[in-house]
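A short write-up of the structure that comes next.
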Amino acid sequence: MEEYPEELRTPPVSLVALFGYSELHTSITKHLHSQQPPVNALAFPDLSHISLLLAHDDQINRTSSVRDPLSVSDSSSPIPSRCGGILKRDWLLKHRTKVPAIVAAFFPSHHIFGDPTQWLQVCSDLDNLKSAIRPKNIKLVVIVVQSSPQEEISEDRLVALRKRAELDSKYVLFFNSSIESELTLSLSRIASAFAELALAYYREEGKRIKSRVEKRSSNSLDLNVRYCFKVAVYAEFRRDWGEALKFYEDAYHSLHEMIGTSTRLPAIQRLVEIKTIAEQLHFKISTLLLHGGKFIEAVTWFRQHKASYEKVVGSTEFIFLHWEWMSRQFLVFAELLETSSATVQSFSSLNQGTAEISLTEFEFYPAYYYQLAAHYLKDKKSALELLLSMSETAREIDSSSESITPSVYIGQFAQLLEKGEAFTLHSITDEEYTRYTISEAKRFQDSFEIIAWLKRSYESFTNLKAQRMAALCAFEVAREYYGLADPNNAKLFFDIAANLYRQEGWVTLLWEVLGYLRECSRNLGALKDFVELSLEMVALPVTSHEDSGNLENKSYGPGGPATILGRESIHREVFTLVCRKAELISSTEESGFKIAHDSPLNLEIDLVSPLRPVLLASVAFHEQMIKPHALCSITLSLLSHLPLPVEIDYLEVQFNQSTCNFVIRNSQRPLWASASNTVQSGSQVENEPSLVLVPNNWLRLTYAIKSEQSGKLECLSVLAKFGPLFTICSRAESPAAMEDLPVWKHENRVESLSTKDPVLAVFGQKATQVEEPEPQVDVSLGTSGPALVGENFTMPVTVTSKGHAVYSGELKINLVDVGGGGLFSPREAEPFSLESHHVEICGIDDGAEGTDESESETGNIKKIQQSFGLVSVPDLKEGESWSCKLEIKWHRPKPVMLFVSLGYLPHCSEANAQKVHIHKSLQIEGKMPLLVSNRFMLPYRRDHLLLNRIKPAPDSEDMSSLPLNEKSLLVVSAKNCTEIALKLVSMCVEFDDEQGEASCLIQQVGGCGDTPGSANLAPGEEFKKVFTVIPTMKTPKLGLGSVHLKWRRQGGNTTEACVSTKHKLPEVNVEASPLVMSLNCPPYAILGEPFTYAVNICNQTQLLQEAKFALADAQSFVLSGSHSNTVSVLPKSEHVLSYKLVPLTCGQQQLPKITLTSVRYSAEFQPSVVASSVFVFPSAPQADKANCATKQ
Amino acid sequence: MIVCVAVVGHQNNPLYIQSFTDADDALKLHHIVHCSLDVIEERVNNPKKSGTTLNEAFLGLLYPTLNYKVYGYLTNTKVKFILVTTDLDVRDTDVRTFFRKFHAAYVDAVSNPFHVPGKRITSRNFAQTVSNIVGSYGLN
């Protein structure tokens, strides 16, 4: 696009000439530039320059010396329409830079309104000006420059000025630059007047020319083209894009008709002129369309343009001119599209309403055009090369031969001849012209441009994710580099293409690219690359037998056609190169490589390497588990896709345990001196009568190996050696996990299994597990029943050697929670979960037996954590044993799993010997030893009205209430819930804090014969102890502290420390009772004898209490006294209800039941059944201790 | 004139490619066929952007390049048929008819019990049928 002149590339801008007052010009010019649309201005200091400006053009036109000789002759001819060319080269430039639309004359106001002599001067200036511009229809504007706004203006002179200038009043302007506001006003006035007049000027000019087109005054097509072009340009000046487009198209179509009809110039030049103008018109049309956002029209237009000129080749001998022209069309359109398509991304309207010519996506991408531009330029290059090679004369042409330059008309060339002082242009013949173009073409290096465009196209396609297009571009770039003998760059781009073709399995394309790459590496002297590429080519699934027999054909790359013959010949070439014998080295120079005779060549083939088809190694162990030192079969299968059989000198199989590596030797081949450097001496060597890889046939080899070491045994790679210096190392693959070869998987071929055993071929693995040696040491866990919570439970562990000595033994102990023990509810567990360890290892006592001085010296490891312990075992000889005791403590009752594992070395000598492991486990239940419970008892036959008991608070359902300052009883019982006898050492109640001590008094009831809490408890047996409790403070929640128990296992070692267990007593509610009802009755009664039954109602409040009572009759007694009544009890006093009763029956009898209702608290209460019964004797008892009997 | 036809598998691997020119531009045609896969991919992946509605197997003109025009056809099993022609004036109906016949021939070829799906088509019968179809192209 840059090769077009500037005036063609940018839209034209109106031109104005300013005369006089040069100090104002800068500000005015600046203002005009900033207008929308902008206006260009030419500035001249005074009016005398006008003749210079306008005469310039005429002068050039009249200098016959430069004039085209053809047009000179034409001018004398009677037909005026004949002219020398279609478009003048400088016409557009002239109208953009030299011929103004408007002339603006500046006059100072005092010249007009002042001195008459000055006024006369102004008049004469104006007359001169008018006479100069009139023939060109240039518009005039007169600007009167005022020095201040208050300046006096003479109306008469103003009218006279207008008349003289023949101007409308609005084109005589005043300019005042003294004040800022006036200045901007004046500037905008000037700008609008200019815009208006410029529009008028270009419209009139356009109309004038258009009328010539419409009249069809001439039948000459060239004039028609010229007129249409001019109308379009004038329309562009007016920014009337629609009309401009229409007339450009008209011009284009008229021009197309000229092909074959015009006879003005010699044939080649004639076509060149037409094509050059067509190119410019096309450029204008495309620009207008694209800038108008009409992408589809633009692309369609381009297609038509291409179609209509594609076949206009001209002389076939000089076809390179055509290709160059075509290439330029594509390039320019690509650049245009690139600059304008940045804004437009979607072509949603694509293919709508254009059913006839459907456009495709890629035609909207600049990359597409760049690629084709490069392609045509390549055609040009090859056409030129052909031309140069064909003709002797063409080769001799050098650039300095003739002084041929572009002539006055676009697309024409002329010879510049020096005649004394003057230069003259002479028309040239076609022969001269072609000589000139050939010499020009020889100057350019097309390859660099081809590469640049293709690279741009490649990048663009890559961004568009059109990887195949991009690959093709990369391939073309690389080919161009290859042609320039730049193998480094070529290789870079060939690799890009090769990668994609490899992925998608386009074998013929890959073959082509690899052929080039191979030559590149040959030129670079990279032997390894060369061999790799050759082998890859050889192993491609090329199955075509076709051979055109013409290897010189240019359409193939250096790799030749993709045929089996081609593969075979490359195979032979590469194997002769790499497997040569030392004495033959000198003779391999024709391949382009000089290799030192001691430099080996190693190729590595991994799972993603494209060389996998060259040597595919599948390795399968026959067993998934093997015993150490036992023989195990392993099958090695090799497959090659090389076209010819190859013989392997020897194979080396490598494992992760290097002691297992082994070698398979081809016994027909001599043993090379340097044969084995990776395999240790003394390793296994197998001999095979022949090791030949036949194409597409598995070479299956089965051997037995044995491993000394336990653990994983994996085959890593298989190394094949061909000749003294060439090795291929292929990664071993499991038959079970073997992937298809990417390029071969789409081929039709007989596929055989890698092993004879089909199961092994499907499930075989390249790795196996070598078992550990059988342990000959016993670990026993001595168990002694369930563990009890709180105690230090001891667990003896014994290690006994039964055949193996134990060296650097380590005992690992692990405690694992048995999931979901179910012994306690989750709610119970939650608050304790923070502590996390309900069971912990407290200690390991390993010095219990055989504590030796020597053992402590060995630096025993002993590590204990809460659930993990590690202890080292001293070295044991055969038959010896060692034991230790684990101390484990349970905090919560739960079952745990105890895991004990012993790792040891059976021999002390081997440094890297493997440890033998023994694992043992045992589940141990942790149990609660004692179940503690408690009960409260109120004082006998004293009933307190405890309001909380009648109307319990919602949150204290299970809480017992105790009366204030009264002595209540607390019974604590401990039950042995284990299966073993326990000895309870002591039981006492202790407060948790001092506050409890202050608010409550607890005493142990010193019962008769009670030792201080010491008792033997058989399984299931219960122990009880009674305490008195006197609460001294009224509180809804009184903590009573906790019961401390001390116990130990019975029968055990008496020195063993007691285990202390705590049981927290529940909180109680202490309240003062307003009413206390106590029953008074003798401890026993005698049948028939009356006794007094008194009910004391005691009011403990400061208020008068009304109490209702009701006494129910009892069957066994005769009763005297009131059955029911309401009594008032004075504050802090007592009311006594007294009854006389006569028992009628013997035995334990229920006394008449009294129900007391407190009116104030509307609460009713009764004494308990136990409290209101009495034993009736048939006659008076003899014993004194009778009162004891009534207690319970 | 049809210069090249191709069957491309759903992994974009060539299954069958045959050129019908005397000139040695088989390689060029391979490149053209391979590049046209980009257009198919774009058309199938962004049907909105390209403004076409893919409710039939026939994909229409893929792209014009040099002197060739490339047409595409996509079967339900994502196998692509590609046609390269040198004709300037191509009637849509002709191309459709061609692809219909070609599809039928392909179905016959892959229905062969000895054909493994996804492998290259090497059937000689198929090649014969295809060259017949190519020969009869545009005659009616």
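What follows draws every value from the coordinates through simple rules; no lab data is involved. Predicted, not measured: the structure shown is a model, and the values here were computed from it. Cβ coordinates were reconstructed from backbone atoms using ideal geometry, including for glycine residues, and neighbour counts include every protein chain displayed.
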inquiry  = Of the candidates B:PRO113, B:PRO64, B:PRO14, which one comes out as most mobile in a Gaussian network treatment of chain B with C-alpha springs shorter than 10 Å?
reply    = B:PRO113
ask   = What are the residues whose amide H is under 5 Å from the amide H of A:SER707, where those residues sit 5 or more places off or on another chain and H is modelled from the backbone?
value = A:HIS629, A:ALA630
message = Given Cβ point charges of +1 (Lys, Arg) and -1 (Asp, Glu) and nothing else, what value in debye, to the nearest 20, does the dipole of segment A:643-802 about its Cα centre take?
response = 420 debye
ask   = How many angstrom lie between the C-alpha centres of segment B:95-125 and segment A:111-190?
value = 88 Å
request  = Sum -39500 (n - 2.57) across every DSSP H segment of at least 4 residues in chain B, then divide by the residue count to get the 222 nm mean residue ellipticity, nearest 500.
outcome  = -13000 deg cm²/dmol
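Between A:LEU484 and A:LEU185, what's the calculated FRET efficiency when r is the beta-carbon distance and R0 is 45 Å? Round to 0.05.
Values: r = 65 Å, r/R0 = 1.45.
Rounded to the nearest 0.05, the efficiency is 0.10.
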Charge dipole (chain B, unit charges on Cβ, about Cα centre) - positive-most of B:PRO64, B:VAL44, B:GLN18 = B:VAL44
request  = Using the number of other C-beta atoms within 10 angstrom as an exposure proxy, rank A:LEU639, A:LEU1104 with the fewest first.
outcome  = A:LEU1104, A:LEU639
note = Residues meeting the amide H criterion for A:PHE1175 (H placed from the backbone, H to H distance under 5 Å, 5 or more places apart or on another chain) are A:ALA1085, A:GLN1149
request  = Beyond 24 Å between alpha-carbons counts as too far, so tell me which of A:LYS528/B:LYS119; A:LYS230/A:LYS380; A:LYS139/A:LYS170 fall in that bin.
outcome  = A:LYS528/B:LYS119; A:LYS230/A:LYS380
note = 1/(1 + (r/R0)^6) with r = Cβ-Cβ of A:GLN1166 and A:GLN1004, R0 = 30 Å, i.e. FRET efficiency to nearest 0.05, evaluates to 0.40
inquiry  = Explain nothing, just compute: Karplus ³J(HN,Hα) = 6.51 cos²θ - 1.76 cosθ + 1.60, θ = phi - 60°, for every residue of segment A:270-286 in order, whole Hz, x for Gly and Pro.
reply    = 4, 5, 4, 5, 4, 5, 5, 5, 4, 4, 5, 5, 4, 4, 4, 5, 4
query = Amide H to amide H under 5 Å from A:GLN35: which residues, 5+ apart in sequence or cross-chain, H placed 1.01 Å off N in plane?
reply = none
query = Kirkwood Rh over Cα pairs of segment B:2-135 into Stokes-Einstein at 20 °C, 1.002 mPa s: D in µm²/s?
reply = 142 µm²/s
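Calculate the dipole size of chain B relative to its Cα centre from +1 charges on Lys and Arg beta carbons and -1 charges on Asp and Glu beta carbons; express the result in debye to the nearest 20.
Numbers: 14 positive and 12 negative charges, 90 e Å.
Computed about the Cα centre, the dipole is about 440 debye.
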ask   = In what sequence do A:LEU815, A:LEU1087 fall when counting other Cβ within 10 Å, fewest first?
value = A:LEU1087, A:LEU815
remark   = At 20 °C in a medium of viscosity 1.002 mPa s, segment A:723-790 has a Stokes-Einstein diffusion coefficient, with Rh taken as the Kirkwood radius over alpha carbon pairs, in µm² per second, of 116 µm²/s
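Within a 10 angstrom radius of the beta carbon, how do B:ARG91, A:ARG212 rank from fewest other beta carbons to most?
Working: B:ARG91 10, A:ARG212 16.
With the fewest neighbours first, B:ARG91, A:ARG212 line up as B:ARG91, A:ARG212.
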